[in-house]
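The values are calculated or read from the model by the stated rules, or taken from the named source; none is laboratory data. Fair warning: this is a prediction, and the values are worked out from it, not measured in the lab. Note that we place each Cβ from the backbone using ideal geometry, even for glycine, and neighbour counts take in every protein chain shown. Ligands, DNA and RNA are stripped out before the accessible areas are found, and what is left, the full protein with its side chains, is counted by its heavy atoms. Shrake-Rupley method; radii C 1.70, N 1.55, O 1.52, S 1.80 Å.
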Amino acid sequence: MIASVDVKAAAIAADFPILAKPTSRGKRLVYLDSAASSQKPQAVIDSLVDYYSSYNANIHRGVYEIAARATDAFEEARVKVARFVNAAHSAEIIWTRNTTEAINLVSFSWGLQNLKPGDAILTTQVEHHSNIVPWQLLAAKTGAELRYIKAADDGTLQLDDLDELLRGTKLVALSHVSNVLGSIAPLAQIIPRAHAAGALVLVDAAQSVPHMPVDVQALDVDFMAVSGHKMCAPTGIGFLYGKRALLEAMPPFLTGGDMIRTVAYDTTTFAELPWKFEAGTSNIADAIAYGVACDYLTNVGLDWIRQHEIQITAYALERLAPFAARGLQCYGPARAEDRGGVISFNFADIHAHDLASILDLEGVCIRAGHHCAMPLMDKMNWPATARASFYLYTTEADIDVLVAALEKAAEVFKIS
Ligand code: 7TS
């Protein structure tokens, strides 16, 4: 690791108040579960307090000063998110609760309108449940077929039969970075081929947009789903990016207040984009705080964050390598450059949940289980994996604590 990168990560960690609070056992909190949800910097926490204590009011309706201020801040946050992913216009950003809701929006709105028997939806073998289940249900409702791009054991997508899989495919829905293996989908190869075959492409960017520069126009994605809580913003806020012409042609997903232009007893006309898809009172405070999170990450620099995660992942892989002799297996691509900051592993015959519990005693937070990717776990024949995941505040010292905690686990389970 280049020392200055780690020094910067340590300085960044100081912006996250939770990381300075010891656990109930007096251990330093070593948070290695950012793929599940990231920690929040003080600026984001302050933004929530500021909204509720200074200008809390409903938006898009009040004429008084604090309502106008809330509306402006809410719409300004949309512009910040649009800039963050280089959307051509902020009207292409639809607020949702999270990635899952963004994918469901496309499934219910675009999918029910556009799919019929004989069509296909193409996804991959490495997806999170939220990018499988909506498509299974949509296929059942419309008579479309659900197909999977095969993945190698390290998560690399097998594209040799892509042209065949694309025949009849109307939508390709795939994750950018796997939350289990960290493998990165070659979007620049897949998207043009999908378009040439007449399919749209939805990217589940839950594990990429927080960690690396993602440009929706350069990639030419049609839809993209993202969660705020994995990128320093609060829970309960995420977004769907969609190309304007596609969103214009889609019917509303949820209906009611705020998404209308006019309502009579027998008919309704809908609001313009993006509000057509935002029924009911929005998650105002969290959307505003999402804008602050975008500012925070932009200020640190997405290129720096990506570089830092490659280095911390390389360091972690190097420190874990000697455990291989005692039965520790790391999954995913071999080179840190080819993966996101996620390492799934199993240690000899210790169940991943037992391992996570022992690590917890040492202050180390990791996730254990199926990571909402049961089909992938079945394919790999893993009952569960342990998973350490990194972010901009992860330091070499955190990895050293993980390694020391794994030594403790080896002692407890008498692995020599
Ligand atoms: N897609 C991917 C690739 C994910 O990693 C996740 C969440 C989701 C979709 C769903 O995000 P949500 O915000 O709508 O829930 N992944 C994880 C995880 O790996 N551990 O906890 C949540």
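Observations
- Here residue 309 fulfils each of the conditions (1) open to solvent by less than 20 Å² (accessible area, probe 1.4 Å); (2) touching an Asp or Glu at 6+ places or on another chain (Cβ under 8 Å); (3) assigned to a helix (DSSP H, G or I) apart from (2).
- Residues located in region 187-207, provided they are within 16 Å of the ligand (Cβ to nearest atom) and either under 14 Å from residue 376 (Cβ atoms) or part of a loop (DSSP other than H, G, I, E, B) (or both): 204, 205, 206, 207
- Positions within region 342-378 being within 16 Å of the ligand (Cβ to nearest atom) and aromatic (Phe, Trp, Tyr), in sequence order: 345
- Of all residues in region 379-390, those being more than 9 Å from the ligand (Cβ to nearest atom) and out of contact with any His (no Cβ under 9 Å at 6 or more places or on another chain) number 4.
- Residues (part of a helix (DSSP H, G or I), free of Cβ contacts under 8 Å to residues at least 24 places away in the same chain and not small (Gly, Ala, Ser)) located in region 63-78: 65, 66, 69, 71, 72, 75
- Set 298, 281: member being open to solvent by 60 Å² or more (accessible area, probe 1.4 Å) and not in a helix (DSSP H, G or I): 281
- Selection within region 374-396 - farther than 20 Å from residue 313 by Cα and either open to solvent by 10 Å² or more (accessible area, probe 1.4 Å) or touching a helix residue (DSSP H, G or I) at 6+ places or on another chain (Cβ under 7 Å) (or both): 374, 375, 378, 379, 380, 381, 382, 383, 384
- Criterion applied to 4, 38, 24 was being among the small types (Gly, Ala, Ser) and touching a Leu at 6+ places or on another chain (Cβ under 9 Å), and the one residue passing it is 38.
- Considering 169, 142, the condition of being within 19 Å of residue 204 (Cα to Cα), of a type in the set (Val, Ile, Thr) and not assigned by TED's automatic domain parsing to the domain that holds residue 334 is satisfied by 169 alone.
- Residues of region 172-182 that are open to solvent by less than 10 Å² (accessible area, probe 1.4 Å), part of a strand (DSSP E or B) and either closer than 19 Å to residue 337 by Cβ or within 11 Å of the ligand (Cβ to nearest atom) (or both): 173, 174, 177.
- Evaluated against (1) within 13 Å of the ligand (Cβ to nearest atom); (2) touching a residue at least 60 places away in the same chain (Cβ under 8 Å), residue 232 falls short on exactly one condition, (1).
- Which listed residue, of 60, 89, is more than 16 Å from the ligand (Cβ to nearest atom), in contact with a Lys or Arg (Cβ under 8 Å, 6 or more places away or on another chain) and in contact (Cβ under 8 Å) with a residue 24 or more places away in the chain: 89
- Conditions (1) open to solvent by less than 10 Å² (accessible area, probe 1.4 Å); (2) more than 10 Å from the ligand (Cβ to nearest atom); (3) in contact (Cβ under 8 Å) with a residue 60 or more places away in the chain: number failed by residue 259: (3)
- Residue that is farthest from the chain's Cα centre (by Cα) [pool: residues in region 4-36 that are open to solvent by less than 70 Å² (accessible area, probe 1.4 Å) and free of Cβ contacts under 8 Å to residues at least 12 places away in the same chain]: 26
- Members of region 328-348 that are touching a residue at least 60 places away in the same chain (Cβ under 8 Å) and open to solvent by 30 Å² or more (accessible area, probe 1.4 Å): 334, 338, 348
- Region 37-50: number of residues that are in contact with an Asp or Glu (Cβ under 9 Å, 6 or more places away or on another chain) and crowded, with 19+ Cβ neighbours inside 10 Å: 1
- When 249, 194 are checked against the criterion of being open to solvent by 10 Å² or more (accessible area, probe 1.4 Å) and farther than 17 Å from residue 340 by Cα, a single residue qualifies: 249.
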